[in-house]
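Peer 1: There's a structure below that I have some questions on.
What follows is calculated from the coordinates using simple rules that are stated; it is not laboratory data. Only a predicted model underlies this, so the values are computations on that prediction, with no experimental measurement involved. No Cβ is skipped: glycine too gets one built from the backbone with ideal geometry, and neighbour counts run over all protein chains shown.
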Amino acid sequence: MSDTEPRDFIRQIIHEDLESGKHQQIVTRFPPEPNGYLHIGHVMSICLNFGVAAETGGRTYLRFDDTNPGKESEEYVEAIERDVRWLGFDWEDRLTHASDYFEPLYDAAVSLVKMGSAYVDSLSADEIREYRGTLTEPGKNSPYRDRPVEENLDLLERMRAGEFPDGEMLLRAKIDMSSPNMNLRDPALYRIRHISHQHTGDAWSIYPMYDFAHTMSDAFEEITHSLCTLEFEDHRPLYNWFLDQLKPAHRPRQIEFSRLNLAFAITSKRKLNALVEENIVAGWNDPRMPTIAGMRRRGYPAAALREFVKRGGVTKKDKLIEMGVLENCVRENLGDESERRMAVLRPLKVVLTNYPEDEVEMMEAMNHPGRPELGTRQLPFSRELWIEQDDFMEEAPRKFFRLKPEGEVRLRFGYIIRCDDVIKNDAGEVIELRCTYDPDTRSGTGTSDRKVKGTIHWVSCAHAVDANVRLYDRLFTVANPNSADDFHAVLNADSLKTVVAKMEPSLAALAPGQPVQFERLGYFCTDSEEHTEQAPVINRIVTLRDSWAKLEKQAMQQQG
């Protein structure tokens, strides 16, 4: 960040801490729990944590919060590492796990017991809920709260040794059962879980709770600024209580910022997992998912996601950002970078009745109209062509400048053609157009100065490559599906349509994930999972223009 660029409130705090000499170097962390794939909301946290450190010559830890082994897996660990790297960030040698600190965390818990600030509780889960109270009524002390220190130490050691079954006992902090902040009503520190851990195996029978492990891991790693989303604001007093009690050598500071919420998407891992488990989508990396893996497979560039969160800004105010903002970031990135190609998604045959039957011409086509250094390619042109169904209208309005009966249009990089006859099937559907071409109007030859108002794209029938093209749209029909009583009720039935398209031959040889612009249609890429040259599978990344803009604006206004 330049000195002249406005700073968000977090960067301003960091700037002041450096200026005052409070910190010599900024240290941050990104602490995902490996219980699912990362989503668009995590992009905000990744860019912020890695970004503020990089901007100031600091460092960032990638720390896996692996304190709940029943829901975590190595698949998620690998996916998270892959996503962070793809976004353009490098943790270098600073890959850590909460489980790396299980021994010092246990020692810290023992210290809390010894100072009378923690106790082993034998209440059942239902009893703990009853004793905890409500938002309007204070809780009441557990009858086990005043166990002697020696008894607590003995029970904790036996918990660690695996002597008790799951749920039999719980180590709790001794704070204030009447606190208006529910997080301070003697929160749990350790629970018994006889389950193997993906990182530590069967070494432990008890596992620390997130708040405790997160706070002390920050301290162990000498984190200067622990950046969290706003739902952890009520947890900050507990974060500070642990630090006040244990007085670690380094004291981190927790700062909260608002989540990045994307319209027409959900970012709840529980709901995203339901989409996967119920086969509503084809896995965590389904291109309709707001996961980083899904957006990468769909063809979104990493730079576009980084730009999107930059535009969203770092604030304390909850925000729901329009899908169009993200898609415009994608378009802006792909517009400069993507070569152009021609494909027909809904083909209609055109026969040029005055073109020689066996002749094939090669038309020179620019790969990018604004970047001549990307060169040209050769397109085969023949008597029979495919055009888009939408580029013909039998009863066309006055300002329809594409093909119509007795109307003329230019074929991109080709000739001007005239529609002479319309062929229909028994159902009255148009299945073929008989046209004539003007041989003096070949693009680039300068042999004719005739002009027409419309230009359409095409593909030679004899040379076309068939491809399954997946047309993706928003997964939900409302701007804020999280507000729905049941998110299933607002799923978009048309979020995926598959068509068999006709493509120019060069498209079959595209590398997996390589983006191109289908002229006049949008940006597309080969599917990184399923595409082969023999059986092409293409994903639509985004349309050329935001066709949802008006509908989205109305939906956003309705939901506030």
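Peer 1: Among (i) 1.26; (ii) 1.07; (iii) 1.80, which one is Cα Rg over 2.2 N^0.38 Å computed from these coordinates?
Peer 2: Label of the calculated value: (i).
Peer 1: Sticking with this one: Count the DSSP beta bridges whose two residues both fall in the chain, then state the antiparallel fraction as a percent rounded to the nearest 5.
Peer 2: 65 percent
Peer 1: Mind giving me the FRET efficiency for E332 and D8? R0 is 30 Å, r the Cβ-Cβ distance, nearest 0.05 is fine.
Peer 2: Efficiency at R0 = 30 Å is approximately 0.85.
Peer 1: What fraction of the Cα pairs in region 9-257, stated in percent, has a spacing above 23 angstrom?
Peer 2: The calculated P(r) of region 9-257 puts 53 percent of pairs beyond 23 Å.
Peer 1: Test of the criteria: in region 256-327, which GluC sites (Glu not before Pro) are in a DSSP loop and have at most 11 other Cβ atoms within 10 angstrom of their Cβ?
Peer 2: E278
Peer 1: Any chance you could give the angle, 0 to 90 degrees and rounded to 10, that helix 102-114 forms with the longest Cα principal axis of the chain?
Peer 2: Rounded to the nearest ten degrees, it is 40.
Peer 1: Where the Cα atoms of region 347-432 are projected onto their three principal axes, how long is each span, largest first, in whole Å?
Peer 2: Largest first, region 347-432 extends 48, 34, 20 Å along its Cα principal axes.
Peer 1: Let me ask something additional. GluC sites (Glu not before Pro), restricted to region 475-546: which are DSSP loop and have at most 12 other Cβ atoms within 10 Å?
Peer 2: Answer in residue order: E533.
Peer 1: Hey, what angle do you get for helix 9-20 against the long axis of the chain, alpha-carbon based, 0 to 90 degrees rounded to 10?
Peer 2: Once rounded, the angle reads 60 degrees.
Peer 1: Report, to the nearest 10°, how far helix 236-246 tilts away from the longest principal axis of the Cα atoms in the chain, using its own Cα long axis and a range of 0 to 90°.
Peer 2: Long axis of 236-246 versus the principal axis of the chain: about 40 degrees.
Peer 1: Name the residue farthest towards the positive end of the dipole of the chain from the options A479, S448, V110, assuming +1 on Cβ of Lys and Arg, -1 on Cβ of Asp and Glu, about the Cα centre.
Peer 2: S448
Peer 1: Between D107 and A427, 0.36 nm times their residue separation minus their Cα-Cα distance comes to what? Numbers along the way, then the final one.
Peer 2: On the way: separation 320, 0.36 × 320 = 115.20 nm, distance 7.99 nm.
Stretched fully, the D107-A427 segment lengthens by 107.2 nm.
Peer 1: Within region 9-257, what percent of beta bridges assigned by DSSP are antiparallel, to the nearest 5?
Peer 2: The answer is about 50 percent antiparallel.
Peer 1: What length, rounded to one decimal in nm, is gained on full extension from V499 through to S73, with 0.36 nm per residue of separation minus their alpha-carbon distance?
Peer 2: Working it through step by step, the gained length comes to 149.7 nm.
Peer 1: Okay, next question. Counting only helical runs of four or more DSSP H residues, what would the 222 nm mean residue ellipticity of the chain come to if each run contributes -39,500 (n - 2.57) and the total is spread over all its residues?
Peer 2: -8000 deg cm²/dmol, from helical runs alone.
Peer 1: Pop the C-beta distance of S179 and D202 into the FRET formula with R0 = 30 Å and round what comes out to the nearest 0.05.
Peer 2: My answer for the efficiency is 0.25.
Peer 1: For E364 and D420, compute 0.36 nm times the residue count separating them, minus their Cα-Cα distance, and round to one decimal in nm.
Peer 2: Extra length available between E364 and D420 comes to 17.5 nm.
Peer 1: Sticking with this structure for a sec: Counting only the backbone N, which residues of region 106-137 are under 18 Å from the spot 7 Å out from the Cα of A188 toward its beta-carbon?
Peer 2: Residues passing the 18 Å test: 106, 109-110, 118-134.
Peer 1: Okay, moving on. Kindly write out, for region 454-468 in residue order, the coupling ³J(HN,Hα) from the Karplus curve 6.51 cos²θ - 1.76 cosθ + 1.60 (θ = phi - 60°), rounded to whole Hz, with x marking Gly and Pro.
Peer 2: The phi angles translate into x, 10, 10, 9, 6, 9, 5, 4, 5, 10, 5, 10, 7, 8, 7 Hz.
Peer 1: Are there GluC sites (Glu not before Pro) in region 50-142 that DSSP marks as loop and that have at most 15 other Cβ atoms within 10 Å, and which are they? Don't jump to the answer; show the numbers that get you there.
Peer 2: Numbers: sites: E55, E72, E74, E75, E78, E81, E92, E127, E130; in loops: E72, E92.
Passing sites in region 50-142 are E92.
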